[in-house]
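The values are calculated or read from the model by the stated rules, or taken from the named source; none is laboratory data. This one's a predicted model, so the numbers in the text were calculated from it and none came from an experiment. Here the Cβ positions follow ideal geometry from the backbone for every residue, glycine too, while neighbour counts run over all protein chains shown. For accessibility, only protein heavy atoms count, side chains too; no ligands or nucleic acids. Shrake-Rupley method; radii C 1.70, N 1.55, O 1.52, S 1.80 Å.
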Amino acid sequence: MKYVSTRNKDYSVSASEAILKGLAEDGGLFTPVTIPKITDLESLLSMDYKQMAHQILSLYLSDISKQALKQAIDLAYDNKFTTNEIVNVVEVGDLAFLELFHGPTFAFKDVALSLLPHLLKQALKNTNEKRKIIILTATSGDTGKAALESFVDVNDVDIVVFYPKEGVSQIQKRQMITQVGSNTHVIGVKGNFDDAQQGVKALMNDEQFIEQLNQQGYMISSANSINIGRLLPQIVYYFYSYINLVKQHKINLYEKINYVVPTGNFGNILAAFYASEMGLPISKLVCASNENNVLSDFFHTNTYNINRKLIVTSSPSMDIIVSSNVERLLFYVNKNNSELTKKNMDDLKLHGKYTLKEKLPKVFEAFSISEEETTQAIKEVYKEHHYLMDPHTAVAYKAYTKYLEKTKDTTKTVVVSTASPFKFQEKVASSIGISTHNKDDFQVLEELSKTTNQPIPHSILSLKDQAILHTLISTKETMKQTVIDILEKGKKHD
Ligand SMILES: *Cc1c(COP(=O)(O)O)cnc(C)c1O
């Protein structure tokens with residue numbers, strides 16, 4: 001399996017190289033040239049999560065030996081996860097919720113990021129790369145902590161996380177700035193997620209910077225979903241949840257179902273799209289946006305237009321205007337025409353928008369959900385089913401009800417549940433009628449736990465007593481110097 005840059009299809013690399021580099025030198029995203037197929041779904045019926053991961057990922061990571069891949073998967077999916085199955089599929093009314101938040105940091109990013117360091121180690125071996133790795137990561141809240149947890153104390157790797165200073169939840173921020181480990185660095189960026197992400201992408205393509213790091217014995221990689229090694233492991237849970245529903249006799253094998261995905265950087269839903277291209281019977285993929293409705297506008301108008309202000313919402317991991325992985329969808333829609341894809345991306349840079357000539361795949365539906373609708377959704381589902389949704393999941397749930405209203409489609413539907421409600425306690429508590437007035441984060445957590453009779457995850461509770469270790473702040477313009485300073489110090493920069 002070869003990977004090509006979305007901006008130059010003649011530039012092709014192996015899986016290992018794609019994972020190591022994270023982003024192509026021309027600014028494009030490495031993308032598999034073809035999507036492999038799984039036609040025999042019966043064979044998946046007898047597999048557990050890890051076996052399924054092995055089956056699916058071996059089709060993509062063809063230059064990593066099967067034995068090494070098995071080892072990587074075993075190391076990733078161990079008792080860091082509080083459920084043996086890694087992900088849970090639970091029934092709530094007529095819907096199924098695919099709970100992806102039972103990993104160490106309580107967000108779906110754990111599923112892929114637990115595996116990434118092990119894939120990276122294999123990639124280093126395969127390519128005979130001798131330099132150390134510096135992982136540059138922009139986070140809208142959840143990737144940062146999940147990446148820090150997965151890379152902490154990994155030899156020969158330094159990880160730098162840039163989070164938007166005012167754009168993440170209090171718990172998300174605390175999770176990051178209390179991170180231990182001598183190879184971890186956390187920096188607040190003045191601005192929003194788009195500023196942080198654009199800053200990181202610019203660094204990854206800054207030749208002078210790359211050379212400077214090279215001289216210090218470093219190469220740059222990324223833990224964001226621009227890295228194909230982050231994206232591919234996310235395909236697995238779509239297959240897994242489908243097979244789980246078959247085993248629970250909720251659907252027949254080969255029956256088509258819908259998935260609703262709360263979407264930000266377009267990584268999770270792109271993994272679902274790849275799963276459907278691989279042969280998973282998917283009828284509709286509903287792309288759920290919060291008030292940042294750039295994606296729902298895109299699916300309705302064929303124009304991607306970033307000439308708008310970013311709105312800070314209660315679902316911060318979806319407060320994104322430039323969704324990186326759309327570029328991979330464009331490449332697909334443009335039938336692997338990288339010149340056209342590059343032209344689209346140049347238009348975006350120059351004019352802040354582009355319009356597609358080709359039609360977007362029919363499998364997609366899209367809705368944008370307001371803050372008020374999010375609140376109502378959390379309240380309604382709690383009241384009716386005693387099921388607690390975090391704000392991101394609530395956006396997806398509400399998108400489903402809008403889809404249902406519009407289409408009356410009764411196909412079995414899975415709502416992808418991306419975070420624990422205890423990570424966003426303030427919004428969740430106030431939505432179900434708990435007063436948060438004059439209470440600190442931990443008092444609200446206690447109150448939420450008492451009212452709903454659900455335990456606060458231990459690692460969230462313990463944040464209360466952990467020392468703040470990271471206080472660095474940077475602007476978009478000083479990100480480069482900040483990284484250089486960190487490496488020069490050669491130790492933690494606080
Ligand atoms: C990252 C994240 C999302 C958005 O996922 P993308 O792959 O960026 O589209 C949604 N919900 C939560 C809780 C997240 O952390």
* P(r) weight above 19 Å for region 200-261, C-alpha pairs, percent -> 56 percent
* **Rotationally averaged projected area of region 152-251 (alpha carbon convex hull; nm²)** => 9.3 nm²
* **Accessible solvent surface per residue of the chain, calculated while the other protein chains remain in place, 1.4 angstrom probe, Å²** => 38 Å²
* Compute the length gained on full extension between K2 and Q51: take 0.36 nm times their separation in residues and subtract their Cα-Cα distance, giving the result in nm to one decimal. => 15.3 nm
* Structure fact -> Ordering S62, S43 by the accessible surface of their heavy atoms, 1.4 Å probe, largest first, yields S62, S43
* Asked: How big is region 90-161 by the Kirkwood estimate over distinct Cα pairs, in Å?
  -> 13.7 Å
* Gyration tensor verdict on region 343-383 (Cα atoms; rounded if a/c is under 1.5, prolate if a/b is larger than b/c, oblate otherwise) -> oblate
* Using 0.36 nm per residue of separation minus the Cα-Cα distance, give me the extension gain between K406 and L253 in nm, one decimal. => 52.4 nm
* Asked: Which one of Y397, F367, Y387 is farthest out on the positive end of the charge dipole of region 318-421, using unit charges on Cβ (Lys, Arg +1; Asp, Glu -1) and the Cα centre as origin?
  -> F367
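Where the accessible area of region 242-362 is counted over protein heavy atoms with a 1.4 Å probe, how much of it, in %, is carbon and sulfur?
Result for region 242-362: 51 percent of the exposed heavy-atom area is carbon or sulfur.
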* Report the charge-dipole magnitude of region 146-256 in Debye, nearest 20, computed about the Cα centre from +1 at each Lys and Arg Cβ and -1 at each Asp and Glu Cβ. => 680 debye
* Asked: Going from most exposed to least, what order do H385, H249, H458, H185 have by accessible area with a 1.4 Å probe?
  -> H249, H458, H385, H185
* Tell me, what does the Kirkwood hydrodynamic radius of region 369-420 come to in angstroms if you use every pair of distinct C-alpha atoms? -> 11.3 Å
* C-alpha center-to-center spacing [region 102-121, region 359-396] in angstrom -> 25 Å
* Asked: For K357 and D63, what does the FRET efficiency come to when R0 = 35 Å and r is the distance between their Cβ atoms, rounded to the nearest 0.05?
  -> 0.50
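Given all pairs of different Cα atoms, what value in angstroms does the Kirkwood hydrodynamic radius of region 257-349 take?
About 14.0 Å for region 257-349.
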* Asked: With the dipole of the chain worked out from charges on the C-beta (+1 for Lys and Arg, -1 for Asp and Glu) around the Cα centre, which of Q234, L356, P262 lies farthest toward the positive end?
  -> L356
* Translational diffusion coefficient, Stokes-Einstein: compute it for region 289-416 using the Kirkwood radius over C-alpha pairs as Rh, at 20 °C and 1.002 mPa s, and state it as an integer in µm² s⁻¹. => 134 µm²/s
* Structure fact -> Kirkwood Rh over alpha-carbon pairs of region 196-336 plugged into Stokes-Einstein at 4 °C, 1.567 mPa s gives a D in µm²/s of 75 µm²/s
* Determine Rg/Rh for region 33-121; Rg is computed over alpha-carbon atoms and Rh is the Kirkwood hydrodynamic estimate from the same atoms. => 0.99
* **In Å², nearest 10: area of K480 left accessible to a 1.4 Å probe** => 60 Å²
* Estimated 222 nm signal from helices in the chain, with DSSP H stretches of n ≥ 4 weighted -39500 (n - 2.57), rounded to 500 -> -12500 deg cm²/dmol
* To do: At a temperature of 25 °C and a viscosity of 0.890 mPa s, determine how fast the chain diffuses translationally according to Stokes-Einstein, using the Kirkwood radius over alpha-carbon pairs as Rh; express D in µm²/s, rounded to the nearest whole number.
  => 108 µm²/s
* Structure fact -> For the chain the mean separation of alpha carbon contacts under 8 Å (6+ apart) over residue count, i.e. relative contact order in percent, is 19 percent
* Asked: Largest first, how would S317, S368, S46 line up by accessible area (1.4 Å probe)?
  -> S46, S368, S317
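Distance cut-off 25 Å, Cα to Cα: go down the list K2/K37; K21/K353; K109/K464; K37/K70; K353/K476 and report the pairs above it.
K21/K353
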* Nearest 0.05, what FRET efficiency do D485 and V312 give at R0 = 30 Å with Cβ-Cβ as r? -> 0.55
* Dimensions in Å of region 432-494 - Rg and Dmax from alpha carbons -> 18.5, 50
